[in-house]
Amino acid sequence: MKLKLGTRYKRNDGLPFSFGEPYGEFVGRTAQGWPRFDLPGRKTCAVNGTDDGFSQVFGHVVVLSGGMDSTVALYNAVDKLGKENVRAITFNYGSKHNAKEYRCASNTCEELGVLHQRIDLPFVDALFKSDLLISGGGIPDGHYADENMKSTVVPFRNGIMLSIACGLAESWAFDCVVIGNHEGDHAIYPDCTTGFIDSMGLAMRDGTYKQIELISPFNRIRKEDIAVIGDRLGVNWNETYSCYKGDVEHCGTCGTCTERKEAFEIAGIEDPTTYKN
Ligand SMILES: [Zn+2]
């Protein structure tokens with residue numbers, strides 16, 4: 001069966017599955033050296049929809065913020081494809097926590113031996129309206145899904161970053177762009193929803209000679225699941241940073257700190273983070 005981009009399928013366990021999400025485990029390589037993934041309920045998962053059921057997707061560009069989710073996405077890509085087939089890009093767009101995040105992203109790439117590209121987008125802080133930016137107001141405390149957290153949304157941030165990542169992937173002759181959004185992001189971020197990911201994936205595929213694929217491995221799972229995957233992959237959590245306030249230590253009360261604490265707690269994994277509160 002040939003999978004179609006933007007089409008929603010159902011796995012045998014009833015969970016929806018959007019083409020482009022590499023569910024399942026890496027189970028080896030084809031004779032040509034392409035990675036194969038096992039998808040529950042299917043014999044093999046064709047990440048790019050090839051008829052033979054084997055993935056022919058190689059070369060992943062991971063959008064790495066330095067937070068938990070994208071760091072696990074990077075470890076995951078390196079684990080499945082090998083560091084030589086993975087590159088990371090980090091955007092410096094003037095958020096309050098960019099400097100802290102960038103240092104973590106840089107250290108993680110060094111630890112993993114992955115090439116790391118920094119991209120500065122100074123116009124975002126200068127022109128966009130968001131409390132996440134240095135130019136914006138204070139960061140609200142509370143739960144991530146609370147209405148007041150919407151003030152921290154940077155308009156169309158993922159659309160902008162993915163467009164640049166896609167252009168870079170084509171320039172580098174890489175095949176895929178990986179984004180670490182997850183189900184919990186859907187509540188307040190319009191550019192993290194499944195609809196957005198599917199549409200953006202289609203645009204990237206149609207807009208490039210190489211038909212660049214967008215992979216969102218965590219689109220249907222929650223942050224605590226990402227913590228479990230990261231734990232299994234041996235992620236160095238000390239080199240991840242979440243707090244929107246951007247201080248040396250995590251504040252412990254903003255939306256992302258709350259979400260980070262909860263993820264470790266629900267996953268039953270020891271949280272090495274030092275919180276102020
Ligand atoms: Zn915080």
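The values are calculated or read from the model by the stated rules, or taken from the named source; none is laboratory data. Keep in mind that this is a model prediction, so the values were computed, not measured. Positions of Cβ are generated from backbone atoms using ideal geometry, with glycine treated the same way; all protein chains shown enter the neighbour counts.
Things worth noting here:
- Qualifying positions in the stretch 167-217 - more than 15 Å from the chain's Cα centre (by Cα) and in a loop (DSSP other than H, G, I, E, B): Ala173, Phe174, Asp175, Ile188, Gly207, Thr208, Tyr209, Lys210, Gln211, Ile212
- Where Lys276 falls short, out of the listed (1) assigned by TED's automatic domain parsing to the domain that holds Asn76; (2) within 9 Å of the ligand (Cβ to nearest atom): (1)
- Checking each residue in the stretch 206-222 for being charged (D, E, K, R) and crowded, with 23+ Cβ neighbours inside 10 Å picks out only Glu213.
- Residue within the stretch 84-96 that is closer than 27 Å to Val228 by Cα and assigned to a helix (DSSP H, G or I) present: yes
- Residues within the stretch 240-277 that are assigned to a helix (DSSP H, G or I) and either of a type outside the set (Lys, Arg) or surrounded by fewer than 20 Cβ atoms within 10 Å (Cβ to Cβ) (or both), tallied: 12
- Asn181 passes every criterion in (1) away from the ligand (no atom under 16 Å from the Cβ); (2) touching a Gly at 6+ places or on another chain (Cβ under 6 Å) apart from (2).
- Considering each residue of the stretch 234-241 in turn, none proves to be within 9 Å of the ligand (Cβ to nearest atom), in the same structural domain as Glu183 (by TED's automatic domain parsing) and touching a residue at least 12 places away in the same chain (Cβ under 8 Å).
- Members of the stretch 242-263 found to be without any contact (Cβ under 8 Å) to a residue 40 or more places away in the chain and under 20 Å from the mean Cα position of the chain (by Cα), listed by number: Cys257, Lys261, Glu262
- Checked against (1) more than 16 Å from the ligand (Cβ to nearest atom); (2) within 18 Å of Asp141 (Cβ to Cβ), Cys254 passes all but a single condition, namely (1).
- Meets criteria (of a type in the set (D, E, K, R), within 16 Å of the ligand (Cβ to nearest atom) and either assigned by TED's automatic domain parsing to the domain that holds Gly138 or out of contact with any Pro (no Cβ under 9 Å at 6 or more places or on another chain) (or both)) for Asp247: yes
- Filter result (at pLDDT 85 or above and assigned to a loop (DSSP other than H, G, I, E, B)) within the stretch 143-156: Val153, Val154, Pro155, Phe156
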